[in-house]
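The values are calculated or read from the model by the stated rules, or taken from the named source; none is laboratory data. Remember, predicted model here, so these are calculated numbers, not experimental data. So basically every Cβ, Gly included, is an ideal-geometry build from the backbone, and we count neighbours across all protein chains shown. Side chains included, ligands, DNA and RNA excluded: accessible areas come from the protein's heavy atoms. Shrake-Rupley method; radii C 1.70, N 1.55, O 1.52, S 1.80 Å.
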Amino acid sequence: MRWALIKAAVAGTTMVALAFLIPLGLMVQQTARDRAFTAAERQAAALGPALAITTNQEAIARALASTDAGAQDRIAVHLPTATAVDAVVGQGRADALAVSTANGSANGGQGRSFTVHVPGGFALLQPVAVDGGRVAVVEVYVAESDLTRGVSTAWLVLSVVALALVAISVLVADRMGARIVAAARHLAGAARSLGSGNLAVRVPVEGKHADGAPDELREAAHAFNSMADRVVHLLAAERELAADLSHRLRTPLTVLRLNAASLGEGDAADATRHAVAQLEREVDQIIRSARRAPDDAPSVALGCDAAEVIRERVGFWSALAEDEGRRWQLAGDDGPAPVPVQRGDLAAAVDALLGNVFRHTAMGTAFSVDVLATESSVIVLVGDAGPGFADPDSALRRGEGQGGEGSTGLGLDIVRKLAEATGGDLALGRSAVLGGAEIRLRLETRGTPPRTTRRRAARLAGTVRRRG
């Protein structure tokens with residue numbers, strides 16, 4: 001924008017300067033020409049009194065020598081004689097025809113004053129009446145240099161004035177553009193800061209950052225501040241709503257906890273109580289996170305061992321798998337697989353993937369979980385022997401739940417966002433081993449994981465350890 005304003009100022013000022021300075025320069029040139037001929041006319045008129053008194057050549061020669069033009073051999077007098085040829089006093093340059101036209105003898109009429117082109121310039125021929133009704137012609141030589149005297153200097157001065165005007169316009173446009181650009185950049189920086197999560201950023205509409213800003217940018221700043229306030233209000237309302245909705249779950253959770261306590265002993269009872277306790281912890285964490293202001297969020301160490309988390313979550317789901325008669329297998333979890341995500345987020349993602357298997361396949365359907373750790377990523381493969389995905393693209397769209405009651409269509413979207421937060425991705429396909437659906441979760445490690453080469457990762461994929 002700044003350079004655009006400077007270019008516009010240069011173009012506008014240049015056109016205005018040329019519109020005024022070119023006619024002014026031409027006028028100066030014409031004035032110099034008129035001044036030279038006017039001076040020649042005055043010099044010719046100065047000899048009129050001397051010619052009216054005498055036509056003696058010696059007297060006229062003395063009169064010519066007393067003038068500046070005569071001293072420079074720029075003036076001559078053509079005196080009439082009894083013969084056809086006039087006597088010339090001084091250095092004449094005009095031809096006989098021009099002199100005859102000036103004294104009127106060429107056309108039998110009265111003489112007239114005019115200029116004629118001669119080598120090196122022009123000659124002004126001025127007729128003067130002398131005694132006996134005769135006409136003498138005064139010739140004044142005007143050199144080419146006299147016609148352009150001072151014109152070059154005038155053009156130089158006018159050019160300097162034009163350049164000065166352009167420079168001043170550029171300086172003014174640059175200062176104005178700097179203020180406008182500074183205000184626009186401040187607004188853009190505030191927008192980027194807001195987009196990065198700084199909800200306290202605002203654009204000043206008064207003070208040094210707003211000085212010189214046009215009204216449109218001030219209105220944009222007001223609109224940005226209003227939008228930021230609205231975003232803060234909506235986020236606060238969303239946190240309160242999440243906290244209120246989570247708090248409403250406490251009552252049914254209390255009932256579940258009491259019922260779970262009365263189940264007695266056994267693996268199923270322990271798993272149920274463990275699930276209820278974990279659900280209560282998650283609800284409490286949601287309430288605390290929703291109530292906490294964004295600036296008060298504690299720093300949490302980001303990162304966990306994916307193999308350990310997956311091993312734990314598969315062990316949790318194994319109890320339900322045994323109840324439903326599902327064969328399952330886990331491979332690749334015997335080595336560390338660090339990933340840059342929180343443990344709770346990865347556990348929730350694994351639960352969502354395994355929950356899809358139990359929700360969308362019939363009882364007795366086998367499933368498998370493979371963990372592949374490479375130098376740049378950790379890949380989790382969850383496959384089953386079910387019917388597979390009828391429409392993989394639709395399954396990845398948020399809210400496209402196809403599992404009937406209890407399915408919200410958010411599980412795979414949550415997993416996808418977790419993967420994309422690390423630079424990875426989520427892909428759906430068909431399992432080459434079990435023949436059903438296969439979900440591939442790729443988490444970028446953004447660092448150097450343990451030295452597990454791709455060949456060893458492939459070997460781990462082939463070493464399947466049966467667990468059910």
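Where residues in segment 86-97 are open to solvent by less than 30 Å² (accessible area, probe 1.4 Å) and either of a type in the set (Val, Ile, Thr) or modelled with pLDDT under 85 (or both), which of them is farthest from GLN72 (Cα to Cα)?
Looking only at segment 86-97, we keep the residues that are open to solvent by less than 30 Å² (accessible area, probe 1.4 Å), and these are 87, 89, 94.
Then drop every residue that is not either of a type in the set (Val, Ile, Thr) or modelled with pLDDT under 85 (or both), which leaves 87, 89.
Details: ALA87: 20, VAL89: 14 Å.
It comes out as ALA87.
If the condition is being more than 13 Å from CYS304 (Cα to Cα) and either over 42 Å from the mean Cα position of the chain (by Cα) or outside any helix (DSSP H, G or I) (or both), then segment 336-355 contributes VAL350, ASP351, ALA352, LEU353, LEU354, GLY355. Take ASP244 and tell me if it is within 19 Å of PHE316 (Cα to Cα) and either open to solvent by less than 80 Å² (accessible area, probe 1.4 Å) or assigned to a helix (DSSP H, G or I) (or both). So ASP244 fails the test.
Of all residues assigned to segment 171-183, at least one qualifies as being closer than 30 Å to LEU21 by Cβ, assigned to a helix (DSSP H, G or I) and without any contact (Cβ under 8 Å) to a residue 60 or more places away in the chain. For segment 307-332, a tally of residues being touching a His at 6+ places or on another chain (Cβ under 8 Å) and crowded, with 19+ Cβ neighbours inside 10 Å returns 0.
Of the helices (runs of 4 or more DSSP H) lying entirely inside segment 9-91, the ones with 3 or more residues being aliphatic (A, V, I, L, M) and more than 30 Å from VAL166 (Cβ to Cβ) are found at 48-53, 57-65.
Residue by residue through segment 342-390, note down the ones that are of a type in the set (Gly, Ala, Ser) and open to solvent by 30 Å² or more (accessible area, probe 1.4 Å). Scanning segment 342-390 gives GLY344, ALA348, ALA362, GLY364, SER376, ALA385, ALA390.
Sub-8 Å Cβ pairs linking a first residue in segment 411-426 that is of a type in the set (S, T, N, Q) to a second residue that is exposed (fewer than 14 other Cβ atoms within 10 Å of the Cβ), at least 6 apart or interchain, are THR422/ARG446, ordered by first then second residue. The set of residues in segment 135-158 being touching a residue at least 60 places away in the same chain (Cβ under 8 Å) and more than 30 Å from THR101 (Cβ to Cβ) consists of GLY150, VAL151, ALA154, TRP155, LEU158. Can you pull out every residue in segment 122-165 that is part of a helix (DSSP H, G or I) and open to solvent by less than 30 Å² (accessible area, probe 1.4 Å)? Listed by number, the residues that qualify are ASP146, LEU147, VAL151, ALA154, LEU158, ALA162.
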